Amino acid sequence: MKKLNDVRLVSFSFAFAVFVSLGASAQQQAEEEASVEITEDTATVVSAIDLVPEIGEEQADSQVAPFILKDRFKYLQNEIPMRYNEHSHRYVDFFIDKRPSFTRRMLETKVLYFPIFEKALAAHNLPDELKYLPLIESGLDPRVISRAGAGGLWQFMRATGREFGLEQNQCIDERFHPEKSTQAACRYLRQLHNIFGDWEMALAAYNCGPGNVRRAIRRTGKSDFWGIYPVLPKETRNYVPQFVAMIYLMHYGKDHGIVPSELKLMPAADTIQVKGYLNLRTFAALGGFTMEDIYEQNPQLVGTYLPQSNEGFSLKIPAIKAALMADNLVAILDSSSKVTGDPGMQLADERSVRDGYELVSSKVRHTVRSGQTLSSIARQHGVTVAQLKAANRIKGSRLQRGQRLVIVKTVRRRLPDNVQLASAAKKAPAPATAVDSAVTLVAAVEAREDAEPGDLNAGEGDTVLVAQQEIRQKTRTEAIAPVNSRPAAAAKTVASTSKPRVHTIKRGESLIVIAKKYDVEVEELISFNNLKSKKVIAGKQLEIPRHEPVAEAQVAAKATAKVRDRVMYHVVQSGDTLWAISKRYGLSVDWIKKVNKIKGNALKAGMKILISG
């Protein structure tokens, strides 16, 4: 009997030990699951404003007494409930202890956007405390994009943004526009509140979508946020507590040692109206500011150019730079524009000048269709297969349907004589003129250390465009005065009848290199040596014509005569006015109206206006 009791005692002890072990294991597993749950529950802030890590470790005792938070929450209570619970308390501690730098940055940045939010919320009759929502959505960064693809201050997904009227294309994304995205957010929040009749539910739906909130209501049978809390997506559970904690810290942050070090202010800006195509890189380079300056003032811009638009675009630029470029604004806008084309197909033109010729390279996008080959595409666009492969870095000959190619076409145009004279004048020192100022403006851009290669090519063309415009005005003005009344100028050169020089062609040399070496024109070498093409053979000899100096007055007189004899028209573009055209060509509005028999001030796109001749 005693042995039986001993066996029963051992069995009971073993069972008790197993029970204790299982209980401890279950408790440890529960703690691990709770830790994981807490870690995953705080993903909302991280995804929107790059706050890492989430609240995952064991929290120390709170520095804020619960009764203090309860009293202050009641004081802040307005239309949206400020409920105190362990979740909201936990996030108050988190923003104080773990992320004081973020809280301080919100205190510094809110002055930029709160006036916009407050005005829109009042106009839509919405609670003023909704202005704190973008703090946990985007960290008040108008150009931030979350991992899920939501963008802007109010973190609109693309489809939701389009639903509420926010334009999105390859150049502009109005989800990043502070005013327009705020208006769209007000309409969306009003719609959600009308659906659920509760602001906490509306905030949850704003975060995870109304569909998820409806499913949570069906699963729980509850219609309030804390009733459906257990079945909401993990990132949404802490959305309202984060919102409540952020409202508290924006009012009482200084009581916890968090104060702004400096208030951020938006630099003063001027606005210009742009209707046609505008290359933003070229415009920024010529204006003396950066693309970052443009994006800061216009966060809705996502490309490097503005497309042709009948409605136009209000472009903000730094006020200081606007004042400095005011005198050259027309020329800068003209140089930053291109011939109107399909904005989805034609890209910016690149211009360069060589030996009296302007080389204009235009780029066109082509999407490969079924059955197309390199040869057929090259024939369609008037380029060679080799050029097509080089522009797109294609090694073989196989193409895939849907593949996007860039077609580069280069057009070579002879520059007018007066522009060539301007280029020659830049080589020799001369008194500063209007032409010099225009050329110097662009030359300064090319000399910038941070200029991109594409900007330098564009800059060469811009020099020619600006110089052409200024020289036309200067030549028309000087054409009125007698040639003899102008000051003596530096000597120019013309072909001489004296014995020519002889040059033996070296390997690798071309007519362009030889012409530059002897300061003559390529055409002169061709005509002087009776060449049939521009190809040269190493070892052969070329005769180089000599030049003799002549007075610049004679050259200027010839150039003036050509300008006087040439008929010049201006084709009216969308947005042109008589005043703008008169300023561009240095004429008076009355003279343009009289010569062209224009009665009123209205102009139609496509009209041809006589400028000279």
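The values are calculated or read from the model by the stated rules, or taken from the named source; none is laboratory data. Here the structure is a predicted model, which means the values were calculated and not measured. Methodologically, a virtual Cβ is constructed for each residue, glycine included, from the backbone with ideal geometry; neighbour enumeration extends over all protein chains shown. For the accessible areas, the whole protein counts, side chains as well, though only heavy atoms, and no ligand, DNA or RNA atoms are used. Shrake-Rupley method; radii C 1.70, N 1.55, O 1.52, S 1.80 Å.
So the values come out like this:
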quantity: Karplus-derived 3J(HN,Hα), 6.51/-1.76/1.60, for each residue of the range 381-395, Hz, glycine and proline x; calculated: 9, x, 10, 8, 5, 4, 5, 5, 5, 5, 5, 10, 6, 9, 8
quantity: Whole-Hz ³J(HN,Hα) from phi, Karplus 6.51 cos²θ - 1.76 cosθ + 1.60, for the range 115-123, glycine and proline x; calculated: x, 5, 4, 4, 5, 5, 5, 5, 5
quantity: Under 5 Å, built H, 5+ apart or other chain: amide partners of M568; calculated: I611, S612, G613
quantity: T220-E86 pseudo-label distance in nm [points 7 Å out on the Cα-to-Cβ vector]; calculated: 1.6 nm
quantity: Estimated distance in nm for a label pair at V302 and N194, the labels positioned 7 Å out from Cα along Cα-to-Cβ; calculated: 2.8 nm
quantity: Contour minus Cα-Cα distance for S101 and D327 (0.36 nm per residue); calculated: 76.9 nm
quantity: Across K70/K264; K583/K604; K119/K321; K516/K540; K409/K532; K98/K131, pairs whose alpha-carbon gap is larger than 20 Å; calculated: K70/K264; K119/K321; K409/K532; K98/K131
quantity: Stretch gain in nm, segment V259-S370, where the contour uses 0.36 nm per residue and the Cα spacing is subtracted; calculated: 33.7 nm
quantity: Accessible area (Å², per residue) of the range 234-273, counting only protein heavy atoms and a probe of 1.4 Å; calculated: 48 Å²
quantity: Förster radius 60 Å - calculated FRET efficiency between H503 and K119 (Cβ-Cβ, nearest 0.05); calculated: 0.20
quantity: Residues whose placed amide H lies under 5 Å from that of I394, excluding near-sequence neighbours; calculated: none
quantity: Full-extension gain in nm, E521 to I394, via 0.36 nm per residue minus C-alpha separation; calculated: 42.1 nm
quantity: Efficiency of FRET from Cβ geometry, V64 and E108, R₀ 22 Å, rounded to 0.05; calculated: 0.45
quantity: Estimated vicinal HN-Hα couplings, Hz - the range 291-308 in sequence order (Karplus 6.51, -1.76, 1.60; Gly, Pro = x); calculated: 5, 5, 4, 5, 5, 5, 7, 10, x, 6, 7, 10, x, 10, 8, 9, x, 4
